[in-house]
Amino acid sequence: MERLKLMLTGGFLAILTLYLAIFMAVTTMGEMESVQADAPVTVEQTVQYTPLSDAQPQRDISQQHYASLVDAR
């Protein structure tokens, strides 16, 4: 009796998993948009950066580095 109960439970879980997989496949395939392979794709995206107003001024060390190389000669 216990073995029959385990077989029914396993069968039920297998069928439930199969139905769930089919349901997910149908719903995800139905929502996909079709795109032609040779169609040009245009993406319009504008990115605007605002200047930092509260940033601390940074020291430019490029001249200092260059001067240290000149002095090393």
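Every residue, every condition in (1) in a loop (DSSP other than H, G, I, E, B); (2) in contact with a strand residue (DSSP E or B) (Cβ under 7 Å, 6 or more places away or on another chain); (3) among the aromatic types (Phe, Trp, Tyr); (4) at pLDDT 90 or above, yes or no:
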| site | (1), (2), (3), (4) |
| --- | --- |
| ALA14 | no, no, no, yes |
| THR17 | no, no, no, yes |
| PHE23 | no, no, yes, yes |
| VAL26 | no, no, no, no |
| MET29 | no, no, no, no |
| SER34 | yes, no, no, no |
| TYR49 | yes, no, yes, no |
| PRO57 | yes, no, no, no |
| VAL70 | no, no, no, no |
Which numbered condition trips up VAL41, out of (1) modelled with pLDDT under 70; (2) surrounded by 10 or more Cβ atoms within 10 Å (Cβ to Cβ)? (2)
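The values are calculated or read from the model by the stated rules, or taken from the named source; none is laboratory data. Note that this is a predicted model, so its numbers are computed, not measured. Because the Cβ atoms are built from the backbone with ideal geometry, glycine has one as well, and the counts that use them run over all protein chains shown.
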